[in-house]
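J.: Pasting a structure below so you can have a look.
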Amino acid sequence: MSSRMDAWPSADRRDEAAEAAIAAFSRGELVVVIDDAGNAGDLVAAAGSITPERMSFVVRHTSGVVGVAVDGRRADELRLSPMTGTNTPAAPFLVSVDLRRTSTTGISARERAATARALADPAVRAEDFDRPGHVLPLRVRDGGVLEHAVPAEAGVDLARLAGLAPAAVVARIVDDDGAVPERAELEVFAKQHGLACLTVADLVRYRRRHERFLHRVAQTHLPTRFGTFQSLSYAEPHGTEHLALVLGDVAGAEPVTVRMHAECLTGDVFGSALCACGAELDESLRRITQRGTGVLVYLRGVEAHELRADPALDAPADAHPYHVTAQILRDLGVHSVELLTDDPATAAGLEDFGVTVAARVSPMPHPRDHLPTLTAAAAVSEPGGR
């Protein structure tokens, strides 16, 4: 799991929604979580402190299907098996349960609240539940919203951030006609009922700004034709590793020459004529060597660009996660950079995560000269092309 870290510099108002939701969770209140991808919203609350009154509100304003999201460890402790043999990662539903000692039918708000609290209570064991029941557990991923950006993961993340048991009541909001409200309507609903409201993207961004989720896992010296770099490997929770090639003493230096480079097998290794990646990689390393200090962050598992991107368009290969680069730079003690990129959005993205971009410099001395025309590039890819 990630660990807390000092707040990034220049935290802005976009953190306020997440902070308000965390505070609401700590008070046992309901929160509206908007699913950016699905244009829908859920009522969520800390399962360990849900009251019958709040559960009644949940049932009244949702589809009535009440879930409790739990982490994998708790699901295993309670021997909560998948609902079907064809569960998908997107719908990790487990067999429904009722708390045995309090249930009559198990469907009342009082009984469902008791079951939700029991799912969060480490003292309650597997044999304390009847199956099937009226509360639907869901198994969330260990990385939370950083691994699966949906309301269930958001609920468990909010519980953890509030210092509570990692379990959350989750139910899809519907209107009086049973339709799923859109974002604007969900925001009005939250305001009418005095509820904190945030999007899943708000929480993703908050966690990326305030948690250290990258860990340095390896370090060595790498001789190259440009010079000898220190090579550092950083791992994400789900296993993807990124590299930082560091030359000289960069900690505290201002500004430091930095290049963000997305992995491109065809360009970096095979010198593809359809992209500038290999040329930009070489030129960036040459520039860093020329300056005597600098960092090249090599981002793996990232789409650098469309293979047939039109070089006549201003569509550089810098569309990758700025938070990864920002955390690597922070670990290296780098706060101000001379960024090798043609893309102003890349500079803005890094600054959004606390890195000062003192200057933006093209990674190539003549940005367009080394690129083929689209016609020539297309000809190479055709059968018999040269």
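The values are calculated or read from the model by the stated rules, or taken from the named source; none is laboratory data. Fair warning: this is a prediction, and the values are worked out from it, not measured in the lab. Note that we place each Cβ from the backbone using ideal geometry, even for glycine, and neighbour counts take in every protein chain shown.
J.: Could you tell me which numbered condition Val95 fails, if it satisfies all but one of (1) closer than 27 Å to Ala24 by Cα; (2) surrounded by fewer than 24 Cβ atoms within 10 Å (Cβ to Cβ); (3) modelled with pLDDT of 95 or more; (4) of a type in the set (A, V, I, L, M, F, W, C)?
T.: Status for Val95: all satisfied but (1).
Residue-by-condition table, conditions (1) out of contact with any Asp or Glu (no Cβ under 8 Å at 6 or more places or on another chain); (2) closer than 20 Å to Arg286 by Cα; (3) surrounded by fewer than 16 Cβ atoms within 10 Å (Cβ to Cβ):
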{"site": "Leu203", "(1), (2), (3)": "no, no, no"}
{"site": "Tyr206", "(1), (2), (3)": "no, no, no"}
{"site": "Arg209", "(1), (2), (3)": "no, no, no"}
{"site": "Leu214", "(1), (2), (3)": "no, no, no"}
{"site": "Thr224", "(1), (2), (3)": "yes, yes, yes"}
{"site": "Gln230", "(1), (2), (3)": "yes, yes, no"}
{"site": "Ser233", "(1), (2), (3)": "no, no, no"}
{"site": "Gly239", "(1), (2), (3)": "yes, no, yes"}
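J.: Let me ask you something else. Got a sec? Which of Val59, Val31, Val70 is surrounded by 14 or more Cβ atoms within 10 Å (Cβ to Cβ) and either of a type in the set (Gly, Ala, Ser) or more than 25 Å from the chain's Cα centre (by Cα) (or both)?
T.: Val59
J.: Here is a further query. With the requirement that a residue be aliphatic (A, V, I, L, M) and not in a strand (DSSP E or B), what does the range 208-234 give you?
T.: Correct list: Leu214 only.
J.: Could you please tell me which pairs satisfy a Cβ distance under 9 Å, a separation of 6+ or placement on different chains, a first residue in the range 81-97 that is more than 23 Å from Arg112 (Cβ to Cβ), and a second residue that is at pLDDT 75 or above?
T.: Pairs that qualify, where the first residue is more than 23 Å from Arg112 (Cβ to Cβ) and the partner is at pLDDT 75 or above, are Pro89/Arg141; Pro89/His148; Ala90/His148; Ala90/Val150.
J.: Which numbered condition trips up Gly239, out of (1) over 30 Å from Glu77 (Cβ atoms); (2) assigned to a loop (DSSP other than H, G, I, E, B); (3) within 27 Å of the chain's Cα centre (by Cα)?
T.: (1)
J.: Now, a different point. In the range 276-291, which residues are under 22 Å from Glu254 (Cα atoms) and either within 28 Å of the chain's Cα centre (by Cα) or buried (at least 22 other Cβ atoms within 10 Å of the Cβ) (or both)?
T.: Ser284, Ile288
J.: Give the number of residues within the range 262-304 that are acidic (Asp, Glu), outside any helix (DSSP H, G or I) and under 19 Å from Leu232 (Cα atoms).
T.: Residues that pass the stated criteria total 1.
J.: So, Val169, is that one closer than 21 Å to Val32 by Cα, modelled with pLDDT under 95 and either in a loop (DSSP other than H, G, I, E, B) or in the same structural domain as Ile50 (by the TED database) (or both) or not?
T.: no
J.: Looking at Ala312, Ala317, which is the one that is modelled with pLDDT under 90, within 23 Å of the chain's Cα centre (by Cα), more than 14 Å from Pro255 (Cβ to Cβ) and part of a loop (DSSP other than H, G, I, E, B)?
T.: Ala317
J.: Is it fair to say Ala273 is free of Cβ contacts under 8 Å to residues at least 60 places away in the same chain and among the hydrophobic types (A, V, I, L, M, F, W, C)?
T.: For Ala273, the condition - free of Cβ contacts under 8 Å to residues at least 60 places away in the same chain and among the hydrophobic types (A, V, I, L, M, F, W, C) - is not met.
J.: Does the range 175-207 hold any residues that are over 15 Å from Pro151 (Cα atoms), touching a residue at least 40 places away in the same chain (Cβ under 8 Å), among the hydrophobic types (A, V, I, L, M, F, W, C) and not in a helix (DSSP H, G or I), and which are they?
T.: Leu195
J.: For the range 129-173, which positions are in contact with a helix residue (DSSP H, G or I) (Cβ under 8 Å, 6 or more places away or on another chain), over 22 Å from Leu203 (Cα atoms) and surrounded by fewer than 17 Cβ atoms within 10 Å (Cβ to Cβ)?
T.: Once the filter is applied, which keeps residues that are in contact with a helix residue (DSSP H, G or I) (Cβ under 8 Å, 6 or more places away or on another chain), over 22 Å from Leu203 (Cα atoms) and surrounded by fewer than 17 Cβ atoms within 10 Å (Cβ to Cβ), the range 129-173 yields only Asp130.
J.: Now a separate question. I'd like to know if the range 184-195 contains one or more residues that are farther than 26 Å from Pro321 by Cα, aromatic (Phe, Trp, Tyr) and not assigned by the TED database to the domain that holds Leu296.
T.: Checking the range 184-195: at least one residue is farther than 26 Å from Pro321 by Cα, aromatic (Phe, Trp, Tyr) and not assigned by the TED database to the domain that holds Leu296.
J.: Of all residues in the range 134-164, how many are touching a Leu at 6+ places or on another chain (Cβ under 9 Å), modelled with pLDDT under 95 and not in a loop (DSSP other than H, G, I, E, B)?
T.: 2
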